[in-house]
Amino acid sequence: MTKPVLIIYTGGTIGMVNDPETGALCPFNFDQIACEVPEIKEFGFTIDSYTLPEIIDSSDLQPQLWKDLCSIILKNYDDYRGFVILHGTDTMAYSAAALSFMLNNLTKPVIFTGSQLPIGKIRTDGKENLIAAIEIAAAYDQGKAIVPEVCILFGDKLFRGNRTTKINAESFDAFQSFNYPALANIGIHIHYNYSAIDYSPRTEPVRRASMDTLFSHVNIVTMNEQMTLWQDAFVGVTDGKIAYMAKKPPEEQPKKIIDATGMVLMPGLINCHTHLPMYLLRGYADDLNLQDWLEHYIFPREDRLDGRAVKAAATLAIAEALRFGTTSVSDMYYFCDEICQAVAESGIKANISRGTSMFLGDDFCFDTFPACRELVELKDKWHNYDNGRIKIEASIHAEYTSTYQLWDALAEYAINNGLQLQVHLSETKKEHDECVEKYGLTPAQVLDCHHVFDVPTVAAHCVHVTQEDMQLLAKRHVSAAHCPVSNLKLASGCADVLGMVKAGMNVCLGTDSVASNNNLDLFEEIKAAALMAKGKTSDPKALPAEAALMMATVCGARAQGRSAECGVIELGMDADLILLDFNQPHLIPCHNVLSQLVYAASGHDVALTMVRGKILYADGKYPTLDVAGALRELHDYAIPRVFSDEPEAQA
């Protein structure tokens, strides 16, 4: 029986068709490829397709894509006769070159192709390129592939993958190989240049990705739609991805085995609202209302911060977050370049926003206002760093700390640059009521009038939003970051989480800063959210355990724009995982693992935290962080600077 060919769609023009309702271009479903290119039915073999979970814009190409493609090919190597990779043309040559060096000892064709015009256009070059690529990927002679290489097929030529350059954005002959002949010329027939094709002996099998880590005999809380639970199972991690899930161990020998007997593996927690550098202010001002706390204690000390102090504080806050099982954070603060440095070094994921306040009115200019200039610099330097591990977002601190000129400008910048946005919204009754008195509109309504919610937004707190606000925010796809511990401690009120959910809002969880919490243990927020909902509604069934856990995982990933990569334990997802030790007296017996996680467990039960397959915390150690050095910086420099009567003297 002839083996099939696998088409891997990464993105690019070739995969676009016109939406029949809007007329706009959108990716088509490659499972229905025979409907768009009926000619492929004439091949005498099966053609399968696989679409990446998140389509890649070739201008945002990151090396992680190359690793992902290698993993897909190697995982399916024995089941297919050849592979066709559909890719955007701008960076196709880079990807083909990379894979040609990453896939050693190939015995099967790996053919890159794309198009200048979408496959849904009448004059598209995509159909001919695709058909020819499939034919070459399937071409064998006496049981051996005719072209056992990574290649680029475009127009009427087949080129070696690491000898090709894009030369033209207008012509269908968009690629050329200046220092190596074409491997094939494509016309009525395909004429192979056999002398140019690499037929050197393959003395070893194609290099396969070996399993990096195996969790053995572990209980799994998947957090998928069915809330599937696995007992005594095995989870394998390869190249940063979840690559194996089964009730029996894999046949291959992993590099590292973690005996997780009696432990619980679940997706890493996602903290959707915090201020990491406020680690410095933990316990400094407690038992105060928000306005007094901010204006008389917090703001004066924050004025003394500098980048060096922020770097030390952010590093230690990240260590605390990892210790308690958080794998991704959404942070709003300033000195964001130093925060990004700490995030980059640590390995944690983060959506970083430069919190912005402004009272200049008509004298405001986006291009010259310092905070806005910082945002632009951050976006250019850090946005999508490490294949999206760091994302930069716009931020309006709050309605009451800014004016409409800033709202308009930041909304426009976020829209034009494809950024998400963070904002504090209706945290206290005072700010909410004063906004209504000033504008005749609630904070949500007035910000919406200025297009703030035209981009995906995380609105922190939402304690005093009205029913009308909830419906508006749901319509605009705004996520609410619920911070129950901070809201209770500052006596800001109890957010109506059930009301927001019923209105259709996505509600996630945040700790706020340690200055108002006073820690970054998201398990405390999970429990507090469940208890607050029950107390507010006098209904013990309100916000059950599984819903509270979803807020910290699935809903958090959705709020951060990371649903395609984390939040659940499924094959192909990033290995953002935490392991909790249930072999402890306070977690025994365990009649219901979901209830135990919500009502009995805490961040102190986390034994291991992993992001993209890399262990960032385990058994009291932080492999990627210099915690001792950061503590020295905190005590010797940051604390004296912020709390001394003459901070400049400490610099």
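Candidates Met266, Met227: the one that is within 31 Å of the chain's Cα centre (by Cα) and either on the phi > 0 side of the Ramachandran plot or modelled with pLDDT under 90 (or both) is Met227. Screening Thr228 on (1) crowded, with 17+ Cβ neighbours inside 10 Å; (2) of a type outside the set (D, E, K, R); (3) within 30 Å of Ala564 (Cα to Cα) shows it passes everything except condition (1).
Can you spot a residue in the stretch 254-268 that is of a type in the set (D, E, K, R) and open to solvent by less than 50 Å² (accessible area, probe 1.4 Å)? No: the stretch 254-268 contains no residue that is of a type in the set (D, E, K, R) and open to solvent by less than 50 Å² (accessible area, probe 1.4 Å). Considering the stretch 363-377, and only residues there that are touching a Lys or Arg at 6+ places or on another chain (Cβ under 9 Å) and over 17 Å from Tyr333 (Cβ atoms), the residue that is least open to solvent (accessible area, probe 1.4 Å) turns out to be Phe366.
Kindly provide the set of residues from the stretch 565-580 that are open to solvent by 40 Å² or more (accessible area, probe 1.4 Å) and over 19 Å from Glu546 (Cα atoms), ordered by number.
Result: Leu571, single match.
Does the stretch 149-158 contain at least one residue that is on the phi > 0 side of the Ramachandran plot and assigned to a loop (DSSP other than H, G, I, E, B)? Yes - at least one qualifying residue is present in the stretch 149-158. Could you please let me know if Asn384 is of a type outside the set (Phe, Trp, Tyr), touching a strand residue (DSSP E or B) at 6+ places or on another chain (Cβ under 8 Å) and at pLDDT below 95? Answer is yes for this residue. When Leu269, Leu229, Leu276 are checked against the criterion of being touching a helix residue (DSSP H, G or I) at 6+ places or on another chain (Cβ under 6 Å) and within 21 Å of Asn592 (Cα to Cα), Leu269 stands alone in meeting it. Contact annotation: residue pairs with Cβ atoms under 7 Å, 6 or more positions apart or on different chains, pairing a residue in the stretch 148-162 that is free of Cβ contacts under 8 Å to residues at least 40 places away in the same chain with a partner that is among the hydroxyl-bearing types (Ser, Thr, Tyr), are Phe159/Ser177. Taking the stretch 470-493 as the range and being in a loop (DSSP other than H, G, I, E, B) and crowded, with 20+ Cβ neighbours inside 10 Å as the test, the residues that pass are Val478, Cys483, Leu490, Ser492. Here Ser59 meets each of (1) surrounded by fewer than 17 Cβ atoms within 10 Å (Cβ to Cβ); (2) touching a residue at least 40 places away in the same chain (Cβ under 8 Å) with one exception, condition (2). A residue that is more than 33 Å from the chain's Cα centre (by Cα), free of Cβ contacts under 8 Å to residues at least 12 places away in the same chain, surrounded by fewer than 17 Cβ atoms within 10 Å (Cβ to Cβ) and more than 19 Å from Val206 (Cβ to Cβ) occurs nowhere in the stretch 171-187. A single entry from Gln467, Gln445, Gln405 fulfils the requirement of being surrounded by fewer than 20 Cβ atoms within 10 Å (Cβ to Cβ), touching a Phe, Trp or Tyr at 6+ places or on another chain (Cβ under 6 Å), at pLDDT 95 or above and more than 19 Å from Asn289 (Cα to Cα): Gln405. Restricting attention to the stretch 108-133 and to residues that are within 21 Å of Glu39 (Cα to Cα) and among the basic types (Lys, Arg), the residue that is most open to solvent (accessible area, probe 1.4 Å) turns out to be Arg123. Residues that are surrounded by fewer than 24 Cβ atoms within 10 Å (Cβ to Cβ) and among the β-branched types (Val, Ile, Thr) within the stretch 607-622 comprise just one, Ile615.
Restricting Ile85, Ile72 to residues that are touching a residue at least 40 places away in the same chain (Cβ under 8 Å), open to solvent by 10 Å² or more (accessible area, probe 1.4 Å) and of a type in the set (A, V, I, L, M, F, W, C) narrows the list to Ile72. If I filter the stretch 294-307 down to residues being crowded, with 16+ Cβ neighbours inside 10 Å and over 30 Å from the mean Cα position of the chain (by Cα), which single residue comes out as farthest from Arg632 (Cα to Cα)? Once the filter is applied, the top-ranked residue is Leu294.
Residues checked against (1) at pLDDT 90 or above; (2) closer than 23 Å to Arg123 by Cβ; (3) outside any loop (DSSP other than H, G, I, E, B); (4) in contact with a Gly (Cβ under 6 Å, 6 or more places away or on another chain):
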position	(1), (2), (3), (4)
Glu170	no, yes, no, no
Tyr180	no, no, no, no
Tyr199	yes, no, no, no
Thr203	no, no, no, no
Ser210	no, no, no, no
Ser216	yes, no, yes, no
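Among the residues of the stretch 371-382, are any among the aromatic types (Phe, Trp, Tyr) and more than 19 Å from the chain's Cα centre (by Cα)? No, there is no match, as no residue in the stretch 371-382 is among the aromatic types (Phe, Trp, Tyr) and more than 19 Å from the chain's Cα centre (by Cα).
Just to verify a result, which residue in the stretch 94-107, among those that are open to solvent by 20 Å² or more (accessible area, probe 1.4 Å) and among the small types (Gly, Ala, Ser), is farthest from Gln62 (Cα to Cα)? Top of the filtered list is Ser100. Of the helices (runs of 4 or more DSSP H) that lie entirely inside the stretch 543-651, those containing 2 or more residues that are closer than 21 Å to Leu322 by Cα span 545-552, 554-560, 593-599, 627-633.
Put simply, of Val310, Val329 the only residue that is within 20 Å of the chain's Cα centre (by Cα) and open to solvent by less than 10 Å² (accessible area, probe 1.4 Å) is Val329. Scanning the stretch 533-542 for residues that are of a type outside the set (D, E, K, R), in a helix (DSSP H, G or I) and farther than 25 Å from Arg476 by Cβ turns up Gly535, Thr537.
Only one residue in Asp337, Asp303 is free of Cβ contacts under 8 Å to residues at least 24 places away in the same chain, closer than 24 Å to Leu378 by Cα and among the charged types (D, E, K, R), so which one is that? Step by step, each of Asp337, Asp303 is checked, and only Asp303 is free of Cβ contacts under 8 Å to residues at least 24 places away in the same chain, closer than 24 Å to Leu378 by Cα and among the charged types (D, E, K, R).
Scanning the stretch 378-398 for residues that are farther than 19 Å from Ile415 by Cβ, part of a helix (DSSP H, G or I) and either in contact with a Cys (Cβ under 6 Å, 6 or more places away or on another chain) or open to solvent by less than 10 Å² (accessible area, probe 1.4 Å) (or both) turns up Trp382, Gly388.
The values are calculated or read from the model by the stated rules, or taken from the named source; none is laboratory data. What you are looking at is a predicted structure, and each value in this text was computed from that prediction instead of being measured. Reconstructed Cβ throughout: ideal geometry from the backbone, glycine too, with neighbour counts over all protein chains shown. Heads up: the accessible areas ignore ligands, DNA and RNA and are worked out on the full protein's heavy atoms, side chains in. Shrake-Rupley method; radii C 1.70, N 1.55, O 1.52, S 1.80 Å.
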